[in-house]
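Notes follow once the structure below has been shown.
The values are calculated or read from the model by the stated rules, or taken from the named source; none is laboratory data. All values derive from a computational prediction rather than experimental measurement. Heads up, the Cβs are rebuilt from the backbone with ideal geometry, glycines too, and the neighbour counts pull from every protein chain shown. We work out accessible area using only protein heavy atoms, side chains counted, and drop any ligands, DNA or RNA first. Shrake-Rupley method; radii C 1.70, N 1.55, O 1.52, S 1.80 Å.
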Amino acid sequence: MHPFTEYVNPYLGKLLNQIKLDKSYVRGEGCWLWDENGEQYLDFIAAYGALPFGYNPPPIWDAVQAVRDSGEPSFVQPAALGAAGVLAERLVSLGPPGIRYVTFTNSGAEAVEAALKLARVATGRFRVLSTENSFHGKTLGALSATNRESYQKAFFAPVAGFDKIPYGDAAALAGALAACPNEYAAFIVEPIQGEGGIIVPPPGYLQEAQRLCRQYGTLLIIDEIQAGLGRTGSLFASAYEGITPDVITLAKALGGGLLPIGAVLCTAEAYTEEFAMKHSSTFAGNSMACRAGLAALDLLTRDDNALLRQVAENGEYLRRRLEQLQQQYPEVIRAVRGRGFMLGIEFGVDRAHFHGTLLTIMAEQELLTPVIASYLLNVEKLRVAPTLNGNNVVRIEPPLVATRAQCDQALAAISRVVAVLARGNTAELVRHLLGVEKRTLTYPVHRTAANPVAPSGEPSEGRFAFLMHPVTLSNYPEFDQSLNLFTRAELQELVGRWNDLLQPFYMAQTRIVSATGQVAYGEFFVIPKTADELMAMPHREAVAEVNKALQMARERGAQIVGLGAYTSVVTHAGLHLRDPGVALTTGNSYTVVTAAESIREAAARLGQSLEAATVAMVGATGAIGRATSLLLAGDVARLLLIGNPARPEQSRKRLLKVAAEICRHLSGLPAHTPGSLGAELAAFGGWPAGTAPAEAFVDRLQHWEATGNCPLVITVDLDSWLPRADVVVTATNSTADLVTPGNLKFGAVVCDLSRPPNVSLEVKDARPDVLVIDGGVVAVPGLPSLGWNFGFEQGLAYACMAETMMLSLEHHYEHTSLGADLNLETVLHMRDLARRHGFKIAQLRSFDRPLSEAEWQRVLEARAAVLGYPAG
């Protein structure tokens, strides 16, 4: 672990490591940096404007060395500070007409704090007005003027007295000042919003702001900490409108790239004795920083402001070339903004143009620009950075000494990453995170939304949502096809870097039209965690992840939410989601229905009789396993209930309870097929009445077990009993391969309901006599687009999704199918709803692919070759 991460900031250090921005630089010169491996990088960040002359500018070092050589004292308080006085005089002479005094600080945020204090003292007023999307620093007063809740909330900011208006809106300023004509001490505003996304205000905005502030006796503070001292091609950014603010804040570039220093410039009218005598700083105005500041001003203004003219010319060139790139790729670059060497590229990657890629999710979660910056750093050796508030903006702020050739080098790099984005090639954009070589994407990205439906707002339209997650690594290409370029190991590393950064997200939408004509609108939400990750998380954290997605679904209008895959498992089938504020379903009831129907269809196709079959239920104590056992029990000859071998005693107790329920259910049926489990149970006799307690059925069952002839077997010994089963059903929460080529009976039918699957892929090739089917895949009426790729053909969905859809069509907004004890009555009700609305078992599938006629024939031929009867 790097010492920065271990001792300075472990959270930022981890984030930088995850997106590979954690390089250690060992040398800097001009616009160039070198890391510890000798790699060279072109720096177009310039420490957010604090490096006007790049790294280690000799004239600034000469000024610092001169202080040492002269013996000039650094900190002498109180005294008439020599270097501070000279620097202040120079700033006043260079500043707008009317600037009279300078107060020195140690940073930009401290300069803002001093400016706010100065304004309150000068006006005798309390309140401060700033703009939306602004950034003025992270000390408490500066943070209160900043408009970013995520920075403020933890620190109980903003403090009282701070108000916000839209940036660049003179009418809003007029309205705010008129509403409180004697209350605002200051209006603080950036001439160009930096962290807000490089936002340039309309022409005349600052002039009108000055007029309004003077009208109402409010001081105008122009925050030029990032935009000032040459960054825009002018020494002062506010000079473009020819105004003299009451107060100007400076910092960053004033230290010449070597020393921290800030300054507050103000008019004589804004300066008061009370502020002068009560505001002070031990380190502000120190000799070394002020001498560096003087040297910086000399460099900025020498040769009749030659450097400023160069910044204006090269900045205009850079902006025009970026605008040409925007015209070439309008679906990638939404806008180019700024002036001089303070430019911003706003990326417009959205669902309309990049459906079916994770690029849109990255953009929505403010991760795209950091990853773009990481790509440019690691692949193109160019340093850029996102703006803090402008979520999809990358700043281009090179040192003011950057040459035209360096601008061309940066433009070429930016052009290449934009081309990667235009192809929708997420894999290429993130491959450097994994250290893998460039690979070619051979197919185009989707260019339009696959299913651009929206809620109608009609009361008759049902509203549902469904929560999903990538169950295994193989699911990731379903979210983004370009990820097929990665191996499993590479995907595993990507997930390790990726999943901690992503929050649950909205993925797609659909509209379902029932066979009855009823309509439901639904949305799908994704929790970016695999099954293994969810199971490994502390329970509280896993439930919290589900709750985040649930809250999103509820806020977007869902009336019932389905819990897909392990979102059901980690919430104990929804029971641990307290007060969700919306109806929930696991969808398990209809999953049971489809499992039983799929098994019957497969057995019939293979000529097998369920009435003579031994059925093994792996995971019999779970909600789906228990209910499927109940539903099949009346149709089979023998039922093997297989529990978890890791907890044999606990499993036996739970299995006994399930077996007792089956006995109660069978004893209540009016008739049984000869030779079936129900017939054997009736022949054994002596069963309690259906209203008797469960313990009575357990006692009788144990008597039956003791005879050695009980066809209802309770066991945790999977490998001993599974080879005796004609039909195997898996419905577990395990992520392991429980069913293998070596523990299956010849000619077995396996229905795998578990996700991730419990059947080893080796079965497919090693056991051609075995038919493996994926349970729970349903054809939605009308085969509509569901908005994204679930790994199925259009119009197919998991049964748990289908149950959510059916309940929504019925406006049945009540908790359904929750907990481990599924109600058989509900299971049968879902079967009836499916028939009513037109939901049907889809073409049977095996290992996530439809079973073709050739594959059916392969199974039949493999059986016939051993048993000696004709295939077909």
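Observations on the structure shown:
- Take residue 651: with every protein chain present and a 1.4 Å probe, its accessible area is about 10 Å².
- Distance from the stretch 293-353 to the stretch 376-395 (C-alpha centre basis), Å: 14
- Applying a threshold of 23 Å to the alpha-carbon distances of 153/548; 529/657; 653/745; 138/164; 117/138; 657/840 flags 529/657; 653/745; 657/840 as lying beyond it.
- Surface listing: 224, 110 arranged by accessible area from highest to lowest gives 110, 224, probe 1.4 Å.
- Gyration tensor analysis over the Cα atoms of the chain returns equivalent ellipsoid semi-axes of 69, 28, 24 Å (largest first, whole Å).
- Positive-end extreme of charge dipole, the chain - chosen from 862, 16, 648 (charges on Cβ): 862
- In degrees, nearest ten, helix 368-378 long axis to first principal axis of the chain (Cα): 70
- Normalised by 2.2 N^0.38 Å, with N the number of residues, the alpha-carbon radius of gyration of the stretch 256-302 equals 1.39.
- Local net charge near residue 713, Cβ-Cβ under 13 Å (Lys/Arg +1, Asp/Glu -1): 0
- Carbon/sulfur fraction of accessible area - the chain, other protein chains in place, 1.4 Å, %: 52
- Mean separation of Cα contacts under 8 Å, 6 or more apart, over the residue count of the chain: relative contact order %: 10
- Taking a Cβ cut-off of under 12 Å around residue 730, the surrounding Lys, Arg, Asp and Glu residues balance to a net charge of -2, with basic ones at +1 and acidic ones at -1.
- Equivalent-ellipsoid semi-axes of the stretch 244-361, from the Cα gyration tensor, Å, largest first: 41, 21, 14
- Estimated at 0.36 nm per residue, the fully extended path between residue 156 and residue 92 surpasses their Cα-Cα distance by 19.3 nm.
- On Cα atoms only, tilt of 287-328 relative to the major axis of the chain in degrees: 50
- Partners for residue 23 among lysines (Cα-Cα distance below 20 Å; same-chain residues under 8 apart left out): 14, 381
- Shape box of the stretch 797-838 [Cα atoms, principal axes, largest first, Å]: 27, 19, 18
- Calculated [θ] (222 nm, deg cm²/dmol) that DSSP helices of n ≥ 4 give over the chain, each run adding -39,500 (n - 2.57): -12000 deg cm²/dmol
- Between the listed residues 844, 188, 343, the Cα displaced farthest toward the positive end of the dipole of the chain, a dipole computed from Cβ unit charges relative to the Cα centre, is found at 844.
- Distance cut-off 26 Å, percentage of C-alpha pairs in the stretch 400-550 lying past it: 46
- Volume in Å³ per residue [convex hull over Cα atoms, computed for the stretch 1-160]: 209
- Overall, the stretch 670-782 carries a charge dipole of about 180 debye about its Cα centre when +1 sits on the Cβ of Lys and Arg and -1 on the Cβ of Asp and Glu, all other atoms neutral.
- Dipole moment magnitude, nearest 20 debye, the chain about Cα centre, only Lys, Arg, Asp, Glu C-beta charged: 240
- For the stretch 177-197 versus the stretch 656-698, the gap between their alpha-carbon centres in whole angstrom: 79
- Alpha-carbon Rg with Dmax, taken over the stretch 662-739, Å: 14.8, 41
- Lys, Arg +1 and Asp, Glu -1 on Cβ, resulting dipole of the stretch 614-696 about Cα centre, debye, nearest 20: 280
- Between 0 and 90 degrees, the angle of helix 58-70 with respect to the longest Cα principal axis of the chain falls at about 60 degrees.
- Reducing the stretch 493-518 and the stretch 36-58 to their Cα centroids gives an inter-centroid distance of 42 Å.
- Note on the stretch 32-100: Cα-only Rg and Dmax are 17.3, 52 Å.
- Here the relative contact order of the stretch 138-258, from alpha carbon pairs under 8 Å that lie six or more residues apart, stands at 20 percent.
- Probe 1.4 Å, protein heavy atoms only - accessible area per residue of the stretch 176-255 in square angstrom: 26
- With Cα atoms as the point set, the stretch 297-389 shows a radius of gyration and Dmax of 16.4, 55 Å.
- Computed on the stretch 257-389, with alpha-carbon pairs under 8 angstrom and 6+ residues apart, the relative contact order is 12 percent.
- Computed accessible area, residue 719, all protein chains, 1.4 angstrom probe, square angstrom: 100
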